[in-house]
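Please read the structure below before turning to the comments.
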Amino acid sequence: MSNAPLMPKATAVWLVENTSLTFDQIAEFCKLHPLEVKGIADGEVAAGIKGHDPVTSNQLTREEIARGEANESHRLSLAVAKVRMPEIKKAGGPRYTPLSRRQDRPNAILWLLRNHPELKDAQIMRLVGTTKSTIAAIRDRTHWNSATLSPLDPVTLGLCSQINLDLEVNRANKDRPQREIDGGQTLVSAEITTAPRAPVTQMDVFGTTTPASQPQPSSEDLDLDSVFAKLKDLKIKD
C-alpha cells in the first residue's frame, strides 16, 4: 500500500485515542474507510489492537498533528524517512506452474528440444519449470507418456512468455560457435549493404561477346583482271 504508515489499524487506534483529528483525516492518513475509523472509536473494530505511536516511529511529527487538529481540511502527510531502507529483491526460486498447465509441460519440452536444440537443460527448466530428469527422459524417449506426446509451443500454452523464450534463445546462440548458427550464414554488415555500388555495364549483364567474323568476299565481288595480272607477274618471276 503506497504512502501508508506501518500497521495502519494500530496507528489509527493511537490517533483516535490521543488526538482530536477527524475520522476523515485519520482515514485518509491510514488508508482506511471513515466508517472503519468510526468503528474503532466506538470499540466495534480493532478490538484488542494496541495503538502504535507514529511519532516515535518517525512516521508523523507533532507539528503535523497540530496542523491537522487546527484545520479539519488539512491532510496529514508522512514524514520523510531519514534512513533509506534497501529494496528487498525477491529471491529467484523454481518457476511455479499452475495445476491446469502442468500436464502440458512434456509437450512444451518436446517442442523446445525439436525447435531449439541449442537450449541447455537449465534454460528449459527456467522456461517451463521442469526437472532435469524429465528433460532427459523426453529426449531419450524413455518418458512414460512418450507415445502420446506432441510438440506444442510453450508460449501458446502459457508456460512462458515470448520475451523470455527469445532471451534464452539469444543467450544460447551467443555460446555457440558462429559456424554452427544457421549453417554458417550470417547477416551482412551494414557497412557493406549501404556502400555505394559501381554502375552496371553492358558487360556485367550480357558478358563478353566474341567479335563477329568478317564476311568473305563473294566470287562476284572479285576483280578478274587483277587476278590474272597477279598470276602473270608470278610466272615472269619464276
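For Leu127, all conditions in the list (1) loosely packed, with under 10 Cβ neighbours inside 10 Å; (2) under 33 Å from the mean Cα position of the chain (by Cα); (3) at pLDDT 75 or above hold save one; what is the number of the exception?
Among (1) loosely packed, with under 10 Cβ neighbours inside 10 Å; (2) under 33 Å from the mean Cα position of the chain (by Cα); (3) at pLDDT 75 or above, Leu127 violates only (1).
Could you tell me which residue of the stretch 145-170 is surrounded by the most Cβ atoms within 10 Å (Cβ to Cβ), considering only residues that are at pLDDT 90 or above and in a loop (DSSP other than H, G, I, E, B)?
Checked the stretch 145-170; the qualifying residue surrounded by the most Cβ atoms within 10 Å (Cβ to Cβ) is Leu152.
Pairs needed: first member in the stretch 31-54, of a type in the set (Asp, Glu); second member anywhere, modelled with pLDDT under 90; C-beta distance under 7 Å; at least 6 residues apart or different chains.
Here the result reads Glu36/Val45, each pair linking the stretch 31-54 to a residue that is modelled with pLDDT under 90.
Condition check ((1) modelled with pLDDT of 90 or more; (2) over 27 Å from the mean Cα position of the chain (by Cα); (3) in a helix (DSSP H, G or I); (4) of a type in the set (Gly, Ala, Ser)) across all residues:
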position: Leu60; (1), (2), (3), (4): no, yes, no, no
position: Val83; (1), (2), (3), (4): no, yes, no, no
position: Lys90; (1), (2), (3), (4): no, no, no, no
position: Pro94; (1), (2), (3), (4): no, no, no, no
position: Arg105; (1), (2), (3), (4): yes, no, yes, no
position: Leu112; (1), (2), (3), (4): yes, no, yes, no
position: Ser133; (1), (2), (3), (4): yes, yes, yes, yes
position: Ala137; (1), (2), (3), (4): yes, yes, yes, yes
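Would you be able to say whether some residue in the stretch 28-45 is over 22 Å from Glu72 (Cα atoms) and either of a type in the set (D, E, K, R) or buried (at least 16 other Cβ atoms within 10 Å of the Cβ) (or both)?
Yes.
The values are calculated or read from the model by the stated rules, or taken from the named source; none is laboratory data. Treat the numbers as computed from the prediction; the structure is a model and nothing was measured. Counting neighbours? That spans all protein chains shown, and the Cβs are built from the backbone with ideal geometry, glycine included.
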